[in-house]
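Have a look at the structure below, then the notes.
Any read-out appearing in this document is the output of simple, stated calculations on the displayed coordinates, not a laboratory observation. Since the structure is predicted, the reported quantities are computational estimates derived from the model, not experimental observations. Reconstructed Cβ throughout: ideal geometry from the backbone, glycine too, with neighbour counts over all protein chains shown.
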Amino acid sequence: MGFIVEDRHLIKCLRVSKDYGATRLCKMFPDRQWNVDEVKTLIKKINMTGSVTVSTDSIRLPTSTKLRVSHSAKKINHYCIIDVSKEI
């Protein structure tokens with residue numbers, strides 16, 4: 001379940017001003033039916049960026065620094081030939 005804009009700003013305000021955690025926020029507002037894990041994720045984002053915006057395209061998180069490599073068919077065939085030759 002996603003948060004509405006007012007919820008995001010309320011969580012940010014209470015996190016920044018009073019340093020409330022996810023469990024405490026969920027217990028304070030039981031009628032909102034927030035998931036503790038989703039609140040934890042939002043709090044992590046608030047701690048890292050200071051923002052509650054939905055878009056994460058402009059933010060490179062530390063775990064996303066590894067580049068993903070797409071292997072071409074030529075390289076895949078080369079590795080398959082090497083593996084087959086090792087089995088013989």
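Let me spell out the model: positive unit charges on the Cβ of Lys and Arg, negative unit charges on the Cβ of Asp and Glu, origin at the Cα centre of region 1-58. What dipole size does that give, in debye rounded to 20?
Roughly 240 debye, rounded to the nearest 20.
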Cα→Cβ-extended label distance, 7 Å offset, between residue 5 and residue 38, nm: 1.8
For region 1-58, average projected area of the Cα convex hull in nm²: 3.8
Most exposed first by the Cβ proxy, i.e. fewest other Cβ within 10 Å, how do 4, 43, 11 rank? 4, 43, 11
